[in-house]
Amino acid sequence: MADRRKTLILTGASRGIGHSTVKRFSDAGWRIVTVSREAVPEECQRDPNWTHHITADLADADSRAEFVRQANEALEDGPLDALVNNAGMSPKTPYRERLGCLNGDIADWRTVFELNFFAPIILARGFAAALAKGPGAVVNVTSIAGHSVHPFAGSAYSTSKAALASLTREMAVEFAESGVRVNAVAPGEIDTAMLSPETVALLPRIPMHRLGQPSDVASVIFYLCSPDSAYVTGTEIYVTGGQHLV
């Protein structure tokens, strides 16, 4: 079993942190199963390790359940070595203004929580048996915005990520009974499509004086799914260039 090929399931794979994470695991020879609302870009389909992509809306209960069914089918009753809950959303106004507690539609809050909070726990439950066979690891992608009021991230996004950080601790204790580790990664200002154009104004508040790259986050995710972190569970690692300190 020492030479068994490991398997990753990752959500939100089509771009940004998700795409970079797929590359990091693929470089290590992992078999990769992904899900997103969009199809995999053409260049990614040439990756021989990207074996399955399932198009689904994880904010929708029925679509989410169908994804779990199809992904478990793809696992063929085998072990799952890593589940990375990366998919997330942060709605803004048509003018890309921050949506707060007073000007955000409550229906949008429910959609945000369905994707950012409920999807991670429902997927972890749906793959619990396969994770136990690994035993595998779960990594939830939270955010620096879950720990302080952020000038650009909306209130629904921020509170959903704070809830996900708390959920990570709860999951870590329960999943430890089956040998599964659960941790979180909290990115700061990462250079992705989700980034607000005004983010450059935050650079003076980042001690390392640069934006993070998706690969910076992907490397930490990979560490948390590797034997190097075998005694690490219930933690949230900040990947912020030190921004969370100031």
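The values are calculated or read from the model by the stated rules, or taken from the named source; none is laboratory data. Treat the numbers as computed from the prediction; the structure is a model and nothing was measured. Here the Cβ positions follow ideal geometry from the backbone for every residue, glycine too, while neighbour counts run over all protein chains shown.
Scoring Ala156 on the criteria (1) out of contact with any Lys or Arg (no Cβ under 8 Å at 6 or more places or on another chain); (2) part of a loop (DSSP other than H, G, I, E, B); (3) of a type outside the set (Phe, Trp, Tyr) leaves a single failure, condition (2).
Kindly indicate whether Tyr223 is in a loop (DSSP other than H, G, I, E, B), at pLDDT 95 or above and in contact with a strand residue (DSSP E or B) (Cβ under 9 Å, 6 or more places away or on another chain). Against the criterion (in a loop (DSSP other than H, G, I, E, B), at pLDDT 95 or above and in contact with a strand residue (DSSP E or B) (Cβ under 9 Å, 6 or more places away or on another chain)), Tyr223 does not qualify. Among the residues of the range 129-153, those identified as within 19 Å of Glu189 (Cβ to Cβ) and assigned to a helix (DSSP H, G or I) are Ile144, Ala145, Gly146.
Taken as a whole, the structure places Ala184 among residues that are at pLDDT 85 or above and buried (at least 21 other Cβ atoms within 10 Å of the Cβ). Which of the residues that make up the range 1-15 are modelled with pLDDT under 95 and over 11 Å from the mean Cα position of the chain (by Cα)? Hits for the range 1-15 are Met1, Ala2, Asp3, Arg4, Arg5, Ser14, Arg15.
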